[in-house]
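Bear in mind these aren't lab numbers, they're just calculated from the coordinates by the rules spelled out. These numbers come from a predicted model, not from an experiment. Cβ: placed from backbone, ideal geometry, glycine included. Neighbour counts: every protein chain shown.
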Amino acid sequence: MTTLEMQDVVKEYHLRDGWRGERLRAVDHVSFTLEPGRTTALVGQSGSGKSTIAKLLMRLESPTSGRILLGGRPVGRSRSAQRAYRSQVQMVFQDPFGSLNPHHTIEHHLARPVALHHPRMSAAQVRSRVLELLTRVRLDPTEEFAARRPHELSGGQRQRVAIARALAPEPGILVADEPVSMLDVSIRLGVLNLLGRLQREENLGVLYITHDLATARHFSDDIMVMYRGSIVERGPADDVLLHPRHEYTQTLRAASPDPERRLAELA
């Protein structure tokens, strides 16, 4: 069973203004564990450090200090170690159009990671896996969708392709960074329900990064609240949002629409 763990991670950026230099601490001694079969929401306002957490987990940034462990072991720096890591940890990006190359077909987008992470598969097996992935994300007829290009799909369909691509290496952990924020309200619930179903069926550990408290409560097992680079509150979703203890969590809760009404709007 795959677990992904942050241990006392700090991330600082060096900023320079003329001759003066200063440090911006985007992540401040953050620790948590993502476990198989559970969805953990990371909530907070823009600039709180949520996306930096995602970049660190995806190895797009390196920690200034602290460790990231996969299955209890530090992640190596070699090319093979990085590939092994990415076979287990995948990401669904915020912008489904920007994350897909408009010049290639949907089949190309899915076949490439399948072939990369399963090099012994034949061409026929790769294609079969591509069609299977499209079925998993409810894009039927699969052969018709496989032949299309990203601009021929709706925003919700493109995000489903992005989810299918993330599932291609058969990961144990999925990092979803605001996966529905750029979609029409009418289709957000369908994509969230898809992620929830796949999480249960694949026994995935999911980090759901969002500013929407209603979806965080209803689609997550646990919630972590981030403020100025630190986790200021964490616990079961209902406990954190119905009985917030930290002043910042209380402010977020008071500034948000009623969760029940918000979920009804999505439905």
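Among the chymotrypsin sites (Phe, Trp or Tyr not before Pro) in the range 90-196, which ones are in a DSSP loop with at most 11 other Cβ atoms within 10 Å of the Cβ? Mind listing them? The partial results should precede the final answer.
Details: sites: 93, 97, 145; in loops: 93, 97.
Counting only loop positions with at most 11 other Cβ atoms within 10 Å, none of the chymotrypsin sites (Phe, Trp or Tyr not before Pro) in the range 90-196 qualifies.
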What helix-only [θ] at 222 nm does the chain give? Using -39500 (n - 2.57) per DSSP H run of at least 4, over all residues, to the nearest 500, the answer is -12000 deg cm²/dmol
Pairing the Cα long axis of helix 79-88 with the longest principal axis of the chain, what angle in degrees results, from 0 to 90 and rounded to the nearest 10? 90 degrees
Per GNM of the chain with C-alpha springs under 10 angstrom, the most fluctuating residue out of 216, 54, 115 is 115
Among rounded, prolate and oblate, which fits the range 78-188 when a ≥ b ≥ c are the square roots of the eigenvalues of its C-alpha gyration tensor, a/c under 1.5 means rounded, and a/b larger than b/c means prolate? oblate
Just one of [x] 28, 19, 18; [y] 31, 24, 17; [z] 32, 20, 15 is semi-axes √(5λ) of the Cα gyration tensor in Å calculated from these coordinates, so which is it? [y]
Contact order relative to length for the chain, counting C-alpha pairs under 8 Å separated by 6 or more residues, stands in percent at 26 percent
Which residue, 49, 156, 72, has the most motion in a Gaussian network model of the chain that connects Cα atoms within less than 10 Å? 72
Given charges at beta-carbon only (K, R positive; D, E negative), |dipole| of the range 26-161 in Debye: 480 debye
Between 36, 141, 169, which gets the highest mean-square fluctuation from a Gaussian network model of the chain, Cα cutoff 10 Å? 141
Expressed as a rounded percentage, what relative contact order does the range 1-145 have, with Cα pairs under 8 Å and six or more residues apart? 20 percent
Measuring from the longest principal axis of the C-alpha atoms of the chain, the long axis of helix 155-167 (C-alpha) lies at a number of degrees, nearest 10, equal to 90 degrees
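What is the magnitude of the charge dipole of the chain about its Cα centre, with +1 placed on the Cβ of each Lys and Arg, -1 on the Cβ of each Asp and Glu, and no other charges, expressed in debye to the nearest 20?
Here the chain has a charge dipole of around 940 debye.
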